[in-house]
Amino acid sequence: MSARHSDAHAALWPAYGLTVLDGDRTPLDLPGLFGRDAPTVLEIGFGMGDATAAMAGADPGRDYLGVEVHTPGIGNLLALVGERGLTNVRVAHGDAMELVHRLAAGSLDAVHVFFPDPWPKARHHKRRLIQPANVALLRERLRPGGVLHCATDWPGYAEVMREALDGDPGLAVADGTHPDRPVTKFERRGASAGRPIVDLIYRKMY
Ligand SMILES: C[S@@+](CC[C@H](N)C(=O)[O-])C[C@H]1O[C@@H](n2cnc3c(N)ncnc32)[C@H](O)[C@@H]1O
């Protein structure tokens, strides 16, 4: 981490950070974590956190729980939280699906999965985050009417994502919903390499 990141980590981790341990199934109390009972957005794999901080800053009525494995990203999001005085962001360090296991059914207003690692080699496809079992678990954690928003710049992964989302019996395409999100770092990278950007937005039906 840079000095900016490690200073932010030292100052803000105790109040804003959460360590996710593999195998820990202790239920996570979201109102306790945020100090209020507000609709909560889970952002999986926030990278450097620029989009998370921008969305949370523009949406003070909802709480944003970001989860990331990459340490500099944790430091950067904490630095943005401190610099912008954001009180509706919490930063979880560890594996996203381990964290999801600790959330109550129906506890999330939205899940954002922006540009997850594409794992382009066929032998690595099983590592992809968006696959039917994970989609079912994420849907279960959403409230009825809640939104699962995925985005990718990898055409092959987009197709697989669409199949997994269409194949989930509790989700339906959120017609008329626009991909209202900031451009992310990995999106810029994909777009400048000429890859098409695909947003897939689904709603939990019941
Ligand atoms: C391609 S980057 C996209 C980052 C950011 N969303 C963006 O669009 O710029 C994917 C991110 O997901 C994170 N990641 C990968 N697997 C993860 C997991 N199991 N749990 C949490 N984060 C994960 C990686 O560390 C990486 O930062």
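Note that the range 33-47 has calculated 3J(HN,Hα) couplings of 5, 9, x, 6, 10, 10, x, 10, 9, 9, 10, 9, x, 7, x Hz, one per residue in order, obtained from phi through the Karplus relation 6.51 cos²θ - 1.76 cosθ + 1.60 (θ = phi - 60°); glycine and proline are x. Between the C-alpha center of the range 121-138 and that of the range 180-206 there is a gap of 18 Å. To the nearest 10, the accessible area of residue 127 is 130 Å² with a 1.4 Å probe.
Quick check on the range 1-82: take the gyration tensor over C-alpha atoms, sort the square-rooted eigenvalues as a ≥ b ≥ c, and tell me if it's rounded (a/c under 1.5), prolate or oblate. Please list the in-between numbers first.
Numbers: a/c = 1.61, a/b = 1.19, b/c = 1.36.
Judged from the Cα gyration tensor, the range 1-82 comes out oblate (a/c at least 1.5, b/c at or above a/b).
Amide H contacts of residue 142: 106, 108, each under 5 Å away and 5 or more positions distant or on a separate chain (H built 1.01 Å from N in the peptide plane; Pro and chain starts excluded).
In whole percent, how big is the carbon plus sulfur part of the accessible area of the range 129-173, probe 1.4 Å, protein atoms only?
Numbers: 1040 of 1770 Å².
Using a 1.4 Å probe with all protein chains present, the range 129-173 comes out at 59 percent carbon and sulfur.
Calculated accessible area for the chain comes out at 46 Å² per residue, all protein chains present (probe 1.4 Å; ligands, DNA, RNA ignored).
DSSP beta bridges fully contained in the range 105-206 are about 60 percent antiparallel.
In plain terms, the chain from residue 192 to residue 24 could stretch by 56.5 nm, reckoned as 0.36 nm per residue minus the Cα-Cα distance.
The values are calculated or read from the model by the stated rules, or taken from the named source; none is laboratory data. Computed from a prediction, not measured in an experiment: that's the story for all the values here. Side chains are part of the model used for accessible areas, which takes the heavy atoms of the whole protein and leaves out ligands, DNA and RNA. Shrake-Rupley method; radii C 1.70, N 1.55, O 1.52, S 1.80 Å.
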